[in-house]
Every structure is written in C-alpha cells, then in structure tokens.
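Encoded as structure tokens, the structure appears first; notes follow it.
Please treat every number below as a calculation from the coordinates, not as lab data. This is a predicted model, so every value here is computed, not measured. Every residue, glycine among them, receives a Cβ derived from its backbone with ideal geometry; neighbour counts consider all protein chains shown.
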Amino acid sequence: MKTKTMNGDSDDITIISNGVKIEGKVSSDGSIRLDGAIQGDISCQGNVTIGDQGEVFGKVDGQIITIGGKVEGMINAKEKLILESKADLSGDVFTKILVVEAGARFNGKSNMGQSKGSSESASTTS
C-alpha cells in the first residue's frame, strides 16, 4: 500500500494495488483507490474508486464512490455512486445520485435521497 498526494492537491489518496489482499476494516481520512481485494469494510472520508480488477466483500462508505470491479455488500455514498460498465454490485445502495453505465450489473435495492446514517433530517413544510 502506498499513500501519495496527486496533482498537488491536499487530499491524500491511498492506493491498494492489484494483487494485494486485505482482511479487515480499512479506513482513511483521504481518498482510496482499490485495484486489489478487501474482505471487510471500507470507511472513507473522501472518495472511493474500485478499479476494474478491484473486489470488496463488505460495506463501502465514502463521499463519491466509483465502482469498476466487483462489490458484495452495502454501499453508502454520501454524494454520488457511479457504476461503470464492468461493475458488478450485489447489495443495497444509499446515495443522493446514482449513475449506472450500460453493461453494469446491480442486484439490490437503491435508496436515493439521504445517505444512510446521515445526520441531516428531512424537513417538511405545512
């Protein structure tokens, strides 16, 4: 695993390379790019990108989540979830915006609006 700053931004991106397998919970204050495999949950304050070869068997939490590989578990994208054309997702989704490219596979339920566990409350007017 290596962490580096990309393009001079202040956001750290943790890269988990193809061939790396992790068992357990992964958390980051920055963003994560996964090209390997994780058996466990990902909790990220930034964005999560799961590459074409990436696999996750567990819950994924992040701001903007992009899936190009395989995920089996719940997704909680606080802003947006993008399922790329080779994505294979089995699990429920909580997000504000859902983008599904042609060819992506999604088996589960989607709840668009507030992300799960959001502290924001919906307001109603009379």
Extension length gain for E23 and E79 (0.36 nm per residue less Cα distance), in nm, is 17.5 nm
On the formula 1/(1 + (r/R0)^6), with r taken between the Cβ atoms of D12 and A102 and R0 of 30 Å, the FRET efficiency rounded to 0.05 is 0.35
Proxy exposure order for F94, F106, F57 (fewest C-beta within 10 Å first) is F57, F106, F94
Residue separation between Q45 and Q63 times 0.36 nm, minus their alpha-carbon distance, gives in nm 5.8 nm
